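Q: Following this message is one structure expressed as structure tokens.
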Amino acid sequence: MAGVSTPPPMDEKAKRTRDLLASFYNNTTNSNSGAPSSPSASSNLTPRAASSLDSINSPSFDASSYMSLLVEKSNLEGLLQKHVQMAAEIKNLDTDLQMLVYENYNKFISATDTIKRMKSNILGMETNMEQLLAKITSVQSKSDSVNTSLFEKREHIEKLHRSRNLLRKVQFIYDLPSRLNKCIKAEAYADAVRFFTGAKPIFEAYGDSSFQECKRASEEAINTVIQNLQGKLYSDSEPIEARAEAVVLLKQLNFPVDNLKTSLLEKLEDCLLKLEDESKDVSVGEISKTFRAYLIIFPDSEQRLIELAQGLFSRRYDAVRDQLKKRMLSVDLLELLGIIWEDVTTIDQVLPEAALPAFSLESTCSSIRQHISIAFSHLQHGISDAVTGSQSKSNESRDELDLQIVLENSKKAAMQGSLDLLAELRQFFDEKLELLLKLRELITDWVQEGFQEFFQNLEKHFILLSGSITNNGPLGESSHSDVLTQSPDKLPTGLVLVLSQLAVFIEQSVIPKITEEIAASFSGGGVRAYEYGPAFIPGEICRLFRSAGEKLLHLYINMKTRKISVVLKKRFTTPNWIKHKEPREVHMFVDILLQELEGVKIEVKQILPCGVIKRHRNSDSVGSGSTNSSRSHPNAMREDKLTRSNTQRARSQFLESHLAKLFEQKMEIFTKVEYTQESVISTVIKLCLKSLQEFVRLQTLNRSGYQQIQLDMEFLKAPLKQLVDDDDAAIDFLLKEVNNAAHERCQDPIPLETPILDKLISAKLVKNKDLSASPL
Amino acid sequence: MQGASTGIVYGGLKYQARCIADVRADPDHTSFLAGTLSLKEENEVHLIRLSPSGNEILCEGLFYHQNEIWDLKSCPYDSRILSTVYTSGEAYGASVWKIPEISSQSNSPQLDQLVSLDEHTAKIKSVLWWPLGKHDKLVTIDERNIFVWSIDSSNKIAKVISQESVGMLHNLSGGAWDPHDRNAVAAICDSSLQCWDLRTMKNANAIEHAHIRDVDYNPKKQHILATAEDEFGIRLWDLRMPKIPLKELPGHLHWTWAVRHNPDYDGLILSAGTDSTVNLWQVSVGSEDSAIDSPRDRRSRQIDPLLNSYTDYEDSIYGIAWSSQDPSVFASLSYDGRVVVESVKPYIQRK
């Protein structure tokens, strides 16, 4: 009810102003500014803003301001109430104060009592203390007198005791020899050594004078002890502990143990050497036992033992490598490696510090690697022997027959050899040797690498054998100098074809097969860094061999045409074509040409497959338009007989040939060579005819020369077509081209009459028949 | 690789032809001289010029030449002087000619014969000018001899300075004059390439066992030359190491007839063959040593050196010539008398 009456008559405007001010000063306390009873809010505006009605307990309490505030804020009833409340509080406080004063006074009284009691107690103590001091002094003086009276006797006793000890020691030393002997008898060497070492200082001090005899005797005894100990050490039958003890004792006796050790180790080394010589004389088990014994006996000999063990195994691996230089079977190698590995593990148990497994792993790696590379090089030799070796055996006359056999042999050598090698190498995986399991990936890589390199080398070898890179090839092939010594020219051209076909065979059959096999059993690997990819890249090898095959095939064709080209060159450069005599017969170079081509055919027939009979690419079109396909020279020739002006005739002829060419499709003479009999033969023939044409173009002929060429070409027509089953059109075309060339280069191109031509040709045919009949 | 027919064709030659030569001394135009080879006719020498727009070939002059031309060279310092080697039946000869003023309206004027080089006793094979500029000497090669002539074109005098026979056993068939050394001439022999020193007239050096058809010195690098051969296609040689070729290129399907270095772009080689193709090669020879190369280099080396094969020809090609005025242009002449001028720009830019 007070709350309702308390607010002074404050109009709305004043209230708003106060609110605005409050919000301006951002005072947090005026959250209740809007409340009607908030005297503090207005007091906030006064300088003593902190003082309020609640600050009565604070140290900064100001009674007068409090009073005025109270009077100001409260109505009468409130003031009365406050008064009553305050009076009660004051009373309470008063009683509390009285209580506190009383309690403190009580404590003070009891404290005074206690102090009074203490004072009385202390008064009696002083006399007691004086009595005590006097008694203690008397006790001390008595004890001093006793001590002095006993001093002399005690000293005497001590002296007696010392001499007795000395005597006992002397007695011990005199007894020492016999005691030692007793010990020797009982084989209690340890006691003996202990006694002796005990007496040793005395011997050293007085050995020369008083105990001479005694020292000698005991040294004798100890010598026997030493001998016995040595004997014990050397005897393998003694238990190791005893031997070790012997060493310790010997060491205590200042015996030069190191000499012993070295002599023993030398013995061991001899023993190890013996092990290599006659392998089964000493077993590795024994050796490992010895190793262990020595390790215990001579703890400091480890280094030497490690050296010995490593030496032993490195010698053994060297021996393996020596054996590897000869081609050995994987099984044998595996067996050898297995034996060594077993030994290694045995010794490793004794001597783990020697790191023998790591060493042997390394050595095994290198031996296997060597083995693989040797295997591959043998394979390569095998293949090249298959190609060349049989050649040396076959004499010239049988050479032709042999080509096929050579091809078959070398194919077999390549395929079977590779497969055998693979099968052999696969044994590395069959073996359940722990060592090899670790190496599995490495071996995979090596085998793949091996194949990669093998094929690359093989390809190089092929090219080299073929002699296409002569010894002055662009890159100095120094690595193959050994092969170069056997002149590449010696390789007959037929074998080039064999090589070519072999390359194709390798590309098409061997490599896929090998890839398959490798995928089956040598996949994985990948120890090599990834950026190099797998070691064996069949694609690359295939490409290599494909190009090699083509290269060799072209080389073959090239070699053949070159040979023929020499014949042609001689034919066309030697005679004086301008003064050629009238043709009487077909020139004999034709025979040589045909003979060469026949030779090609025989070689090709043996090696290359028969191609699908296929017309020449252009033959169809040429055939269909055969009326205008042939060059128009026949017309021109006919025109020759007409008496036109020279210039006009030739010009028209030239134009006509141009025109004819426009109508005629360009004859593809240089088509891609395929691996077929027909393709190769026809390519050779085409190249020869083209050369013929070029040779003719370089000459200037008279009429007879032209006629001679016309005759020769006419004669060639039939046998060439016979040689080439398809591609007649190309042959026709080229023969005609030769004729045209001759015609162009002739000063007076009048062809032979057909009857004369026929007559001469048939005469030649008859002659040839006679010739071929007579040797039979 | 088969280039479509990009070349500009000139069909003005009416007879078979073997020889085409760049007119080096013409600084303003891309000009070539082509000579025909016809037994029966008056042969012609055509002076042809690539139009400034570069898409047309114009015949600037047509001159009668009585005998069939087997070799034709343009004088490297005077665009109006040329040399030819010709035969007529069994007769043969070589001359230096001057192109007459074209002002005369005559359709096919005669060439003015400056000098006739007629000291030869065997069939003349080729006339060589020193390729890089003015030099008062001329070399001619016949089957048995090499002649060095002193030429005075203004006074129309030619004198033999020296002459040397190679003997009956050899058959010379052509040669090239070293642009780096005025005293060195490479002569093609039966089975070798002989390098002659013109001062001593001695055979100084030789590449043996090579059946060479054509030889061309590298105009940029001394001692390097290219040969066109029957057996090996194209081979590049360093004359200081005549035993081993630097490079081998496969050449052509049939004979490789001619080989020419580009006068400007190093390693760009043009070859022509009787298989009716012209091949453009890119090879690098020299500084980089082929002995030390990593597999990666080897792979990059396997880039096909054949940049392009121009196959749009009807007959064997015996004549090719780079233009020295615009080194990206070459002219080729096939036996049927067609001159084709091609630009190799698309293939150079790729580099």
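Residue-by-condition table, conditions (1) over 19 Å from B:LEU333 (Cβ atoms); (2) buried (at least 21 other Cβ atoms within 10 Å of the Cβ); (3) modelled with pLDDT of 85 or more:
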site	(1), (2), (3)
B:PHE63	no, yes, yes
B:GLU68	no, yes, yes
B:LEU72	no, yes, yes
B:THR84	no, yes, yes
B:VAL96	yes, yes, yes
B:SER106	yes, no, no
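Q: If I filter the stretch A:728-736 for residues that are at pLDDT below 85, open to solvent by 10 Å² or more (accessible area, probe 1.4 Å) and under 60 Å from the mean Cα position of the chain (by Cα), do I get at least one hit?
A: Yes, because at least one residue in the stretch A:728-736 is at pLDDT below 85, open to solvent by 10 Å² or more (accessible area, probe 1.4 Å) and under 60 Å from the mean Cα position of the chain (by Cα).
Q: Does A:VAL680 qualify as being closer than 30 Å to A:GLN508 by Cβ and β-branched (Val, Ile, Thr)?
A: Yes: the conditions hold for A:VAL680.
Q: Moving to a separate point now. Against the condition exposed (fewer than 12 other Cβ atoms within 10 Å of the Cβ), within 14 Å of chain B (Cβ to nearest Cβ) and either within 22 Å of A:PRO492 (Cα to Cα) or modelled with pLDDT under 50 (or both), how does A:SER645 come out, does it pass?
A: Answer is yes for this residue.
Q: Of all strands (runs of 3 or more DSSP E) completely enclosed by the stretch B:84-181, which ones contain at least 2 residues that are more than 23 Å from B:VAL215 (Cα to Cα)?
A: Fully inside the stretch B:84-181 and qualifying: B:91-98, B:112-116, B:145-152, B:157-165.
Q: Something else about it: Within the stretch B:185-223, how many residues are over 25 Å from A:ARG562 (Cα atoms), outside any loop (DSSP other than H, G, I, E, B) and open to solvent by 20 Å² or more (accessible area, probe 1.4 Å)?
A: 5
Q: Restricting the search to the stretch B:306-349, which residues are closer than 17 Å to B:ILE57 by Cα, polar (S, T, N, Q) and assigned to a strand (DSSP E or B)?
A: Matches in the stretch B:306-349: B:SER332, B:SER334, B:SER343.
Q: Let me ask something else. Filter the stretch A:747-759 down to the residues that are within 14 Å of chain B (Cβ to nearest Cβ) and either more than 19 Å from A:VAL586 (Cα to Cα) or in a helix (DSSP H, G or I) (or both) and list them by number.
A: Residues satisfying the conditions are A:GLN747, A:ASP748.
Q: For the stretch A:589-615: of the residues being aliphatic (A, V, I, L, M) and over 30 Å from B:ALA210 (Cβ atoms), which is modelled with the highest pLDDT?
A: A:ILE602
Q: Same structure, new question: Which of the following residues is closer than 30 Å to A:ARG292 by Cα, open to solvent by 50 Å² or more (accessible area, probe 1.4 Å), of a type outside the set (A, V, I, L, M) and touching a residue at least 24 places away in the same chain (Cβ under 8 Å): A:TYR234, A:TYR174?
A: Checking each option against the conditions leaves just A:TYR234.
Q: Same structure, new question: Among the residues of the stretch A:760-770, is there at least one that is of a type in the set (S, T, N, Q) and away from chain B (no Cβ under 14 Å)?
A: Among the residues of the stretch A:760-770, at least one is of a type in the set (S, T, N, Q) and away from chain B (no Cβ under 14 Å), which makes the answer yes.
Q: How do the pairs read when you match residues in the stretch A:538-554 that are within 12 Å of A:THR515 (Cα to Cα) with residues anywhere that are in a helix (DSSP H, G or I), using Cβ under 6 Å and keeping only pairs 6 or more apart or on different chains?
A: A:PRO538/A:ILE511; A:PRO538/A:THR515; A:ILE541/A:PHE455; A:ILE541/A:ILE511; A:CYS542/A:GLU507; A:CYS542/A:ILE511
Q: Which residue, of A:THR262, A:THR290, A:THR224, is open to solvent by 50 Å² or more (accessible area, probe 1.4 Å), modelled with pLDDT under 75 and assigned to a helix (DSSP H, G or I)?
A: A:THR262
Q: Looking only at the stretch A:167-185, decide whether some residue is within 60 Å of the chain's Cα centre (by Cα), assigned to a helix (DSSP H, G or I) and within 22 Å of A:PHE255 (Cβ to Cβ).
A: The answer is no; no qualifying residue exists.
Q: Does B:ALA4 meet the test of being under 18 Å from B:SER332 (Cβ atoms), buried (at least 23 other Cβ atoms within 10 Å of the Cβ) and either at pLDDT below 85 or away from every other protein chain (no Cβ under 14 Å) (or both)?
A: Answer is no for this residue.
Q: Being at pLDDT below 80 and either open to solvent by 70 Å² or more (accessible area, probe 1.4 Å) or touching a strand residue (DSSP E or B) at 6+ places or on another chain (Cβ under 6 Å) (or both) is the filter here; which residues of the stretch B:157-173 pass it?
A: Hits for the stretch B:157-173 are B:MET168, B:LEU169.
Q: Of everything in the stretch B:26-58 that's farther than 23 Å from B:LYS345 by Cα and open to solvent by 20 Å² or more (accessible area, probe 1.4 Å), which residue is farthest from the other protein chains (Cβ to nearest Cβ)?
A: So, considering only residues that are farther than 23 Å from B:LYS345 by Cα and open to solvent by 20 Å² or more (accessible area, probe 1.4 Å), the one farthest from the other protein chains (Cβ to nearest Cβ) is B:GLU42.
Q: In addition: Could you list all residues from the stretch A:688-726 that are open to solvent by less than 20 Å² (accessible area, probe 1.4 Å), in a helix (DSSP H, G or I), within 14 Å of another protein chain (Cβ to nearest Cβ) and not hydroxyl-bearing (Ser, Thr, Tyr)?
A: Within the stretch A:688-726, A:CYS688, A:LEU689, A:LYS690, A:LEU692, A:GLN693, A:GLU694, A:PHE695, A:VAL696, A:ARG697, A:GLY705 meet the criteria.
Q: When you scan the stretch B:321-351, how many residues do you find that are out of contact with any Lys or Arg (no Cβ under 8 Å at 6 or more places or on another chain) and within 14 Å of another protein chain (Cβ to nearest Cβ)?
A: Within the stretch B:321-351, residues that are out of contact with any Lys or Arg (no Cβ under 8 Å at 6 or more places or on another chain) and within 14 Å of another protein chain (Cβ to nearest Cβ) number 2.
Q: Can A:ILE541 be described as modelled with pLDDT of 75 or more, more than 21 Å from A:ILE607 (Cβ to Cβ) and aliphatic (A, V, I, L, M)?
A: Taking the combined requirement at face value, the residue satisfies it.
Q: Here's another thing I want to ask about it. Inspect all residues belonging to the stretch A:31-42 and state whether any of them is modelled with pLDDT of 60 or more and surrounded by 10 or more Cβ atoms within 10 Å (Cβ to Cβ).
A: Checking the stretch A:31-42: not a single residue is modelled with pLDDT of 60 or more and surrounded by 10 or more Cβ atoms within 10 Å (Cβ to Cβ).
Q: Give me the residue from the stretch B:239-262 that is farther than 29 Å from A:LYS672 by Cβ and buried (at least 19 other Cβ atoms within 10 Å of the Cβ) and, out of that set, nearest to the other protein chains (Cβ to nearest Cβ).
A: B:LEU239
Q: Looking only at the stretch B:11-25, which residues are under 17 Å from B:ASP315 (Cβ atoms) and open to solvent by 20 Å² or more (accessible area, probe 1.4 Å)?
A: Selection gives B:GLY11, B:GLY12, B:LYS14, B:GLN16.
The values are calculated or read from the model by the stated rules, or taken from the named source; none is laboratory data. All of these numbers come straight from a predicted model, not from anything done at the bench. A quick note on method: Cβ atoms are made from the backbone with ideal geometry, for glycine too, and the neighbour counts reach across all protein chains shown. Ligands, DNA and RNA are excluded from the accessible area calculation, which covers all protein heavy atoms including side chains. Shrake-Rupley method; radii C 1.70, N 1.55, O 1.52, S 1.80 Å.
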